[in-house]
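Chemist: First, the structure itself, so that you have it in front of you.
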Amino acid sequence: MVKIPKGATLLDVLLDTSDMDAGTDMLLSVGYTGALTAFISSSNVGQAGGIARLSVAGGSQYKFTDDDTIQVEVTLAGGTTATGTMKLSAWYTMDP
């Protein structure tokens, strides 16, 4: 959802969602390639809507060594469907 350049140091992420599922089974995680729970892990924010911020120890100040993309992983129980809106913001710095 958010492209991140090589050399970026992540400061924070913010996931803003509407009420996206009809039940209580949806979980959302935010991370990067190979580590999809690096910044937010198994948040239920999509169940009623709201905002989740970086909450995984070690996620802040993560330095990207290659170009990458911050991604959202959606986990639903069997038979559950989800519709709605999600927005993802990422704050990072670049070394001079």
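Chemist: Suppose the filter is open to solvent by 20 Å² or more (accessible area, probe 1.4 Å), over 10 Å from the mean Cα position of the chain (by Cα) and either among the hydroxyl-bearing types (Ser, Thr, Tyr) or closer than 18 Å to Asp12 by Cβ (or both); does Ala57 pass it?
Modeler: When the stated conditions are applied, Ala57 passes them.
Chemist: OK, next. Conditions first: (1) open to solvent by less than 60 Å² (accessible area, probe 1.4 Å); (2) touching a helix residue (DSSP H, G or I) at 6+ places or on another chain (Cβ under 6 Å). Thr24 passes all but one, so which condition is the exception?
Modeler: (1)
Chemist: Just the residues that are touching a residue at least 60 places away in the same chain (Cβ under 8 Å) and open to solvent by less than 40 Å² (accessible area, probe 1.4 Å), please, taken from segment 70-81.
Modeler: Ile70, Val72
Chemist: While we're here: Looking at (1) open to solvent by less than 70 Å² (accessible area, probe 1.4 Å); (2) over 22 Å from Thr9 (Cα atoms), which one does Ala90 not meet, given that it meets all the others?
Modeler: (2)
Chemist: Right, something else. Being among the acidic types (Asp, Glu), touching a residue at least 40 places away in the same chain (Cβ under 8 Å) and in contact with a helix residue (DSSP H, G or I) (Cβ under 8 Å, 6 or more places away or on another chain) is true for just one of Asp19, Asp95. Which residue is that?
Modeler: Asp19
Chemist: Take the residues in segment 44-54 that are in a strand (DSSP E or B) and of a type outside the set (A, V, I, L, M, F, W, C), then tell me which one is most open to solvent (accessible area, probe 1.4 Å).
Modeler: At the first step, the residues of segment 44-54 found to be in a strand (DSSP E or B) are 50-53.
From what is left, the residues that are of a type outside the set (A, V, I, L, M, F, W, C) are 50, 53.
Numbers: Gly50: 26, Arg53: 118 Å².
Ranking the qualifying residues of segment 44-54, first place goes to Arg53.
Chemist: Please determine, by comparing only the residues of segment 63-94 that are in a loop (DSSP other than H, G, I, E, B) and of a type in the set (A, V, I, L, M, F, W, C), which one is modelled with the highest pLDDT.
Modeler: Within segment 63-94, the match that is modelled with the highest pLDDT is Phe64.
The values are calculated or read from the model by the stated rules, or taken from the named source; none is laboratory data. Nothing here was measured: the structure is a model prediction, and the numbers come from that model. Glycine also receives a Cβ, built like all others from the backbone with ideal geometry; neighbour counts cover every protein chain displayed. In case anyone asks, the SASA skips ligands and DNA or RNA and just uses the protein heavy atoms, side chains included. Shrake-Rupley method; radii C 1.70, N 1.55, O 1.52, S 1.80 Å.
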